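Okay, structure first, notes after.
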Amino acid sequence: MSDQTKNETVPSDAGYFGQWGGQFLPPQLEGPFAEIWDAYRQIENDASFIAELRYIRKHFQGRPTPVYHARSLSLANGGAQIYLKREDLNHTGAHKLNHCMGEGLLAKYMGKKKVIAETGAGQHGVALATAAAYFGLECEIHMGEVDIAKQAPNVSRMQLLGAKVVPVSHGLKTLKEAVDSAFEAYLADYENSIYCIGSVVGPHPFPLMVRDFQHVVGVESREQFQDMTGNLPDVVTACVGGGSNAIGIFRAFLDDPCDLVGVEPLGRGLATGDHAATMSYGTEGIIHGFKCYLLQEADGSPSPVYSCASGLDYPGVGPEHCYLKDTGRVQYVTASDDDCKDAFFKLSRQEGIIPAIESAHAVAHALKLAREMERGTILVNLSGRGDKDLDYVIENWGIGE
Ligand SMILES: *Cc1c(COP(=O)(O)O)cnc(C)c1O
């Protein structure tokens, strides 16, 4: 977008960030993806597209979201000062709507009638259904039957928003099968529809487009933080599932003297194998049409992964993150379920902010770092609010002491 500064780490024409990314598609889908890329290249600099997106961000989403100085949390923790970029206050309660509104607007400009996607825990489905309702598009969300049973409130939300939820009943009946099913549906109807990916993953151009749509988070935070403090933060940190909220905030600080730290879920610990720390422990592989660090089995199939945060349990990761790890510009660390739980309760009790369990991973790392640093500032991307997690929390962690 022309109102967003572009760093020169843009991918090659074939969508490679260094050796990562690219486009591994069934031949029939190469045409439709080329059409999306052409359309995006045209409209990303189109004045009316930019104006409409800005209008939507301000009046529908409630942007800019604030940056907040978490004084009590910082004081109680006894170290550096922690600031939060409040994506939990974005409409629908998380950052995902930033790229879903962009994808919806792209669909509209391309003259498409329908958006298609898969969803695991349902967060992407709800955000996309919201965008579809706004733009008057049909919305078809593919979801494994196991996930449908686990995520009943999100299924109801999607249906309330007018989306059709398609149950997927083969294989393990979870995200992987839902991806296949959504791809098939898109293949059968690409003239009228567009496939919308939920993070900075998937075949080119999605890692680039989703990143551009999330860039607003970093642009706003950088300006807001400087207004508040007169300085840049010493550290910027965010949780990494597919990597969209992290890349959104990091990108605006790439050329600044700030440490950038992505936080991955260590789940129950490395030794148990129950984690999803892709950047830390993955190896080169291909998943869902792109190349990335991947937690994989001996035969190259994605490993089963686990995190208490359903939005973080993905065995792959966005290609730009892989590149930023290799160049050393961004450091990737882990936080366990226990670290996350501690941060979840602290932020709730000490600030009156109930974070998404995903976001609590970034807060956990900020707390640890703040103690080590003793002084200075840390900006955390608080990617979402915890309302969606209450059932999980009460069942597994109780209500706190
Ligand atoms: C989905 C989700 C994430 C993880 O997705 P990224 O693409 O890594 O940002 C993080 N936080 C919240 C609140 C989410 O809903």
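Here is how the numbers come out for the structure above:
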quantity	calculated
Cα-centred dipole magnitude for segment 127-185, charges only on beta-carbon of K, R (+1) and D, E (-1), debye, nearest 20	220 debye
Alpha-carbon Rg with Dmax, taken over the chain, Å	19.6, 57
Full-stretch length increase - Asn45, Ala152 - with 0.36 nm per residue and alpha-carbon distance subtracted	34.5 nm
Residues Asp326 and Asp256, FRET efficiency given R0 of 25 Å [Cβ-Cβ distance, rounded to 0.05]	0.80
Relative contact order (%) - criterion: Cα under 8 Å, at least six apart; region: the chain	20 percent
Fraction of accessible area attributable to carbon and sulfur, segment 36-100 (%, probe 1.4 Å)	52 percent
Residue-normalised accessible area of segment 255-385, expressed per residue, 1.4 Å probe, Å²	38 Å²
Cβ-derived FRET efficiency at R0 35 Å, Ala133 paired with Asn396, nearest 0.05	0.60
Flagged links, alpha-carbon separation over 22 Å, of Lys150/Lys368; Lys58/Lys85; Lys108/Lys388; Lys176/Lys325; Lys108/Lys164	Lys150/Lys368; Lys108/Lys388; Lys176/Lys325
Theoretical gain in end-to-end length, Ser301 to Asp387 [0.36 nm per residue, Cα-Cα removed]	27.6 nm
Solvent-accessible area, 1.4 Å probe, carbon plus sulfur percent, for segment 137-287	50 percent
Length added when fully stretched, Lys164-Glu35, from 0.36 nm per residue minus Cα-Cα	43.9 nm
Directionally averaged shadow of segment 57-129, computed from the convex hull of its alpha-carbon atoms, nm²	6.5 nm²
FRET efficiency for Leu172 and Tyr55, using Cβ-Cβ distance with R0 set to 45 Å, rounded to 0.05	0.60
For segment 1-149: accessible area per residue (Å², 1.4 Å)	39 Å²
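The values are calculated or read from the model by the stated rules, or taken from the named source; none is laboratory data. Everything numeric here is computed off the predicted structure, so don't read it as measured data. Every residue, glycine as well, gets a Cβ built from its backbone with ideal geometry; the counts of neighbours run over all protein chains shown. We work out accessible area using only protein heavy atoms, side chains counted, and drop any ligands, DNA or RNA first. Shrake-Rupley method; radii C 1.70, N 1.55, O 1.52, S 1.80 Å.
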